[in-house]
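Inspection log for the structure reproduced underneath, given as structure tokens.
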Amino acid sequence: MKQYAKIVSNLAEKLAEILAEKLGQKPEFFKENCLPSMCYIRMSRYPFCPISPHVFGLMPHTDSDFMTILHQDHIGGLQLLKNGKWIAVKPKQETLIVIIGDLFQAWSNDVYKSVEHRVVANKHFERYSIAYFLCPSNETVIESCGESSTYRRFSFGEFRQQVQDDVKRSGHKVGLPRFLL
Ligand SMILES: O=C(O)CCC(=O)C(=O)O
Ligand SMILES: [Fe+2]
């Protein structure tokens, strides 16, 4: 697991650097701010459910990080929202899925979009996935690049707190719209 974490962490950092360079931004931003102690791995097991597809293994959401590197098994169930439609991601065990998170959307000033995704339970089989989350330290300030920013500056700690407060109060994450200028 340690070895896997190291490989996906290097991959996430490299991909983030490439995307930053494309924006004309400092690629070191991620190495400097996404400390290993802030990044984490989530291993998920989704039990099968006879009344699928009406049951979510994971509710629709966007990730609150910069980038998620996901590995899923052969069962399937991950779906992405594209142009208002849920699209199934073909399960391919030999591939990794890269999901842009909220922080990258804010930092890139909406050039890269945080994709809404969900997991639908399978009728007959349980499913496993491993997700690596590229996160900065709580003090890291996220500032939109480009001339006219869509979002105000915020720290990752502030963003997490706001997400937690919203979920506690309403049961739902509001996310980036809270930080619109
Ligand atoms: O299990 C999956 O395919 C998705 C996991 C996920 O979206 C998450 O943990 O945030
Ligand atoms: Fe997710």
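Taking the Cα-to-Cβ direction at CYS145 and at GLN93 and moving 7 Å from each Cα, how far apart do the two end points lie in nm?
Label-label distance for CYS145 and GLN93, simple model: 3.8 nm.
Send over the per residue convex hull volume for the stretch 1-51, Cα only, as a whole number of Å³.
Value for the stretch 1-51: 120 Å³ per residue.
Please return the longest stretch of the chain lacking exposed loop sites, where GluC sites (Glu not before Pro) count only if DSSP places them in a loop and at most 13 other Cβ atoms lie within 10 Å.
Longest stretch, sites excluded: 29-93.
Tell me the angle of helix 2-22 to the major Cα principal axis of the chain, expressed in degrees between 0 and 90 and rounded to the nearest ten.
Around 50 degrees separate the two axes.
Lysine pairs in the stretch 63-181 with Cα distance under 23 Å, only those 8 or more apart or on different chains: how many are there?
Lysine pairs meeting both conditions in the stretch 63-181 amount to 11.
What value in Å³ per residue do you get for the convex hull of the alpha-carbon atoms in the chain?
Cα convex hull per residue, to the nearest whole number: 128 Å³.
Please give the helix 156-170 orientation as an angle from the longest Cα principal axis of the chain, in degrees from 0 to 90, rounded to the nearest 10.
50 degrees
Between ARG153 and LEU80, how many nm apart are label points set 7 Å from Cα along the C-beta direction?
Each label point is offset 7 Å from its Cα along the Cβ direction, giving 3.3 nm.
Return the tail of the calculated pair distribution for the stretch 62-121, meaning the percent of Cα-Cα pairs more than 19 Å apart.
Result for the distance tail: 32 percent.
Work out which trypsin sites (Lys or Arg not before Pro) in the chain are exposed loop sites (DSSP not H, G, I, E or B, at most 16 other Cβ within 10 Å) and give the longest gap free of them.
Result, exposed sites excluded: 1-91.
If each of ARG42 and ARG169 carries a label point 7 Å out from its Cα toward its Cβ, how far apart are those two points in nm?
If labels sit at ARG42 and ARG169, their model points lie 2.2 nm apart.
If we count every other residue with Cβ under 14 angstrom of PRO27's Cβ, Lys/Arg +1 and Asp/Glu -1, where does the sum land?
So the surrounding residues net to -1.
So if R0 is 35 Å, what FRET efficiency would GLU126 and GLN161 give, r being the distance between their Cβ atoms, rounded to the nearest 0.05?
0.55
At 1.306 mPa s and 10 °C, plugging the Kirkwood radius over alpha-carbon pairs of the stretch 24-88 into Stokes-Einstein gives what diffusion coefficient in µm²/s?
105 µm²/s
Restricting attention to the alpha-carbon atoms of the stretch 92-181, what are Rg (one decimal) and Dmax (integer), both in Å?
15.6, 51
A short reminder: the numbers here are calculations on the coordinates, not readings from a lab. Everything numeric here is computed off the predicted structure, so don't read it as measured data. In this analysis, Cβ positions are derived from the backbone assuming ideal geometry, glycine residues included, and neighbour counts consider all displayed protein chains.
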